[in-house]
Amino acid sequence: MIEVTGLTKRFGGAPAVEDASFTVRPGAVTGFLGPNGAGKTTTLRMILGLDRPDAGTARIDGRRYPELEHPTRVVGALLDAGDITPRRRARDHLRWLAAAAGIGDDRVEEVLGLVGLADVAGKRAGEFSLGMLQRLGLAAALLGDPAHLVLDEPVNGLDPEGIAWVRGLLRDLAAEGRTVLVSSHLLAEMARTADHVIVIGRGRILADAPAAELAAGAGPRTRVAAADPEALRRALAAAGLAPVAGAGAGGALVVPAGAAEVGRAALAGGVALTELTAVGGGLEEAFMELTGSAVDYRGGAA
């Protein structure tokens, strides 16, 4: 079990993580979600003892990471798949890590096979694609057969087959009773993978709930567009409907209301619509509702 209590970290006086508290329990995949710059990676680094918190604690089975006698056998971590000497061969990289942790070469070959790199283990890391580096990072995280996994964006750079493979791997590891904490910006994938979700925005925990419960709590949404976007905005405003900030694409707006209500607002304003699509609730919609005021950078409509 991973327990975070009142964790706080500031850089140059600006809060990166503010009084964060949550518990990651074994036997489930816990998704750690948040906009860019929300504090996800900083929180993971503090859990792993790489950044010292200004306040609060992060404990793994009751101990801080530096207090673990055999950390590789307790926690498997992947924070930056590209953090490897380019000239080092994949097998040699894992052997070096294994030797430092007192792990035999047999385990190296086992994890190479598990992540699908056995046939390319003699290649240098600099020859690997991002997806292959992610697989190598996962192999390193699994070397010690740890009871806890802390993974930062583990499917970044993987193709659809690789993403599906990671999904199955994480769920299998959780089913074995391990603690699995994984950050990701792929909300649709997290909806298929995570049992529990923790949402962070501007350093503060915004939600901590079962994924299904959080998704079910998202209200209806409608994607709407018109040839005259400004007239559409005025019609929506007159009806008391405010589009979700940053949620539109291609000039469309996403409105937290049902399609019938949005359509009536457009009709009352004399606006001819080019799109009116109910997009429903779900984890992505719940995430947008929670983090709408915690996004630092938003794109504008084309």
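For the stretch 117-134, a tally of residues being surrounded by fewer than 19 Cβ atoms within 10 Å (Cβ to Cβ), farther than 10 Å from residue 90 by Cα and in contact (Cβ under 8 Å) with a residue 40 or more places away in the chain returns 1. Determine, yes or no, whether residue 95 is in contact (Cβ under 8 Å) with a residue 12 or more places away in the chain, of a type in the set (D, E, K, R) and surrounded by 22 or more Cβ atoms within 10 Å (Cβ to Cβ). So residue 95 does not fit the description; no. Pairing each residue of the stretch 219-233 that is on the phi > 0 side of the Ramachandran plot and at pLDDT below 95 with any residue that is buried (at least 20 other Cβ atoms within 10 Å of the Cβ) and of a type in the set (Gly, Ala, Ser), provided the two are 6+ apart or on different chains, yields no C-beta distance under 6 Å. With respect to the conditions (1) closer than 21 Å to residue 210 by Cα; (2) in a strand (DSSP E or B), residue 7 falls short on a single one, namely (1).
Restricting 101, 81 to those that are out of contact with any strand residue (DSSP E or B) (no Cβ under 8 Å at 6 or more places or on another chain), crowded, with 20+ Cβ neighbours inside 10 Å and modelled with pLDDT under 95 reduces the list to 81. Cβ-Cβ contacts under 7 Å between residues 6 or more apart (or on different chains), taken from a first residue in the stretch 255-277 that is under 13 Å from residue 229 (Cβ atoms) and touching a residue at least 40 places away in the same chain (Cβ under 8 Å) to a second residue that is crowded, with 17+ Cβ neighbours inside 10 Å and not aliphatic (A, V, I, L, M), are listed as 275/223. Against the criterion of being out of contact with any helix residue (DSSP H, G or I) (no Cβ under 8 Å at 6 or more places or on another chain) and touching a residue at least 40 places away in the same chain (Cβ under 8 Å), residue 137 qualifies.
Residues in the stretch 151-165 that are in contact (Cβ under 8 Å) with a residue 40 or more places away in the chain and touching a Ser or Thr at 6+ places or on another chain (Cβ under 9 Å): 151, 152, 154, 156, 157.
Being farther than 15 Å from residue 4 by Cα and under 14 Å from the mean Cα position of the chain (by Cα) is the filter here; which residues of the stretch 192-215 pass it?
192, 193, 194, 195, 196, 201, 211
What helices (runs of 4 or more DSSP H) lie completely within the stretch 52-145 and have 3 or more residues being over 19 Å from residue 166 (Cβ atoms)?
Helices (runs of 4 or more DSSP H) meeting the threshold: 71-74, 90-101, 105-114.
Being more than 20 Å from the chain's Cα centre (by Cα) and either assigned by TED's automatic domain parsing to the domain that holds residue 154 or over 28 Å from residue 189 (Cβ atoms) (or both) narrows it down to one residue among 59, 25; which is it? Result of the check over 59, 25: 59.
The values are calculated or read from the model by the stated rules, or taken from the named source; none is laboratory data. Please read all numbers here as calculations on a predicted model, not as lab measurements. Using ideal geometry, Cβ is built from the backbone for each residue, glycine included, and neighbour counts are taken over all protein chains shown.
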